[in-house]
1. Looking only at residues that are without any contact (Cβ under 8 Å) to a residue 12 or more places away in the chain and among the hydrophobic types (A, V, I, L, M, F, W, C) in region 9-58, which one is nearest to residue 94 (Cα to Cα)?
2. How many residues does region 170-199 contain that are under 18 Å from residue 288 (Cα atoms) and not charged (D, E, K, R)?
3. Determine which member of the set 130, 117, 82 is more than 30 Å from residue 306 (Cβ to Cβ) and free of Cβ contacts under 8 Å to residues at least 60 places away in the same chain.
4. List the number of the failed condition for residue 217; all other conditions in (1) farther than 22 Å from residue 293 by Cα; (2) open to solvent by less than 50 Å² (accessible area, probe 1.4 Å); (3) without any contact (Cβ under 8 Å) to a residue 40 or more places away in the chain hold.
5. Mind listing just one residue for me: the one in region 149-159 that is touching a strand residue (DSSP E or B) at 6+ places or on another chain (Cβ under 8 Å) and open to solvent by 10 Å² or more (accessible area, probe 1.4 Å) and, of those, modelled with the highest pLDDT?
6. Keeping to region 225-237, report how many residues are open to solvent by 10 Å² or more (accessible area, probe 1.4 Å) and touching a residue at least 40 places away in the same chain (Cβ under 8 Å).
7. In region 138-148, what count of residues is obtained for those that are assigned to a helix (DSSP H, G or I) and either at pLDDT 95 or above or not β-branched (Val, Ile, Thr) (or both)?
8. Here are 222, 198, 203, 244: which of them is of a type in the set (Lys, Arg), over 29 Å from residue 314 (Cβ atoms) and open to solvent by 60 Å² or more (accessible area, probe 1.4 Å)?
Amino acid sequence: MNDNGLKVDTLLMKPNYICGYKILYRMPFTNIVPNWKYDATLKKYDFIYLRRPYFMNVFFLIFLKNVKKNNHNTKVVMEIPTYPYDKEIIKKRTNYTLLIKDMITRKRINRYVDRITVVGNEKEIFGVKTIKILNGYNVIETRKRKPRAEIKSINLVAAAMFDYWHGYDRLIHGLREYYDKGGEQEITLFFVGEGPEKNKYMKLVNDLCLHEHIQFLGLLEKAKILEVYDNSDIGVCSLGAYRKDLFYSCELKSREYLTVGLPIITGVRLDVMDNDKLNKYILEFPNDDSVIDFDEIIGFYEKLYVHNDSSVSMIQEIRECAENELNMSKALSGLIEYLREA
């Protein structure tokens, strides 16, 4: 925004981590995480841009009301990165009260929120007009990957904070099925990251005797992740989006893979697939619980690497598309235009 002539300050709503907060913030009428408190300095701003909190409550509504009360000219724009999001909240049964708070509150936010930014195609959410944005990426500060010099196996990488909607169990089962049917191609999967599903994946790998083909690398610094990308051929996006009723995505990992020059596989329709130059580097699987077919992955790999004159030119083309299509200025162009005109 600053690069586009909009002077921006960043403010943080700090949580109040008092003793027992994990129980208290689930109860009615508690203002703890985050602690919504109006700051009088906010009345000087022409607009406020905020991301949807994990759950909305009455104190969030009061905060927005005070913003408008103290300066009715202030435009409020709220970002909803994933919609619908109900299943994200209630992935823990103890969070049902949070969803109830959110459902009650969101019926009234159209009184105070002027626009909602969303990465999907919804025209209106909760009675508020939307602005379509993309999930941009800081392409310039990330180098492209180096072509692999020696190829003994097809290497896939999945980098994430592993959660139930990533669906990498489909990938693990698919690899076992491929070898059970007599597959001979050497394949290696790199899992980079942690998360609540990691132990389940590790147990599944152990149960299916796939230790030789799957490596869990844990959390890595950016330089080390780039080294993993150098040794990879294909990036793996989410394969379980159906588990949270998501059927269109612009997930951040797709941006990172494309930025470094990796072709990708996905289990959900990606926005970048509308780009003809990028679409040929993306393999889409059904958005359901079916096992991932590794014969399709091998065919995809051979089309890109074996029957292609140069992996160097492929990496460069993917990178150039990322620079043109996924930079932050283009990703937020609709928002920037609205703020200039508001």
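The values are calculated or read from the model by the stated rules, or taken from the named source; none is laboratory data. In this text the structure is predicted, and so the values were computed from the model without any measurement. No Cβ is skipped: glycine too gets one built from the backbone with ideal geometry, and neighbour counts run over all protein chains shown. To get the accessible areas, we keep the full protein, side chains included, count just its heavy atoms, and leave off ligands, DNA and RNA. Shrake-Rupley method; radii C 1.70, N 1.55, O 1.52, S 1.80 Å.
1. Once the filter is applied, the top-ranked residue is 23.
2. Count: 5.
3. 130
4. (2)
5. Step by step, filter region 149-159, then rank; the result is 159.
6. Residues flagged as open to solvent by 10 Å² or more (accessible area, probe 1.4 Å) and touching a residue at least 40 places away in the same chain (Cβ under 8 Å) within region 225-237 amount to 5.
7. 1
8. The conditions single out 203.
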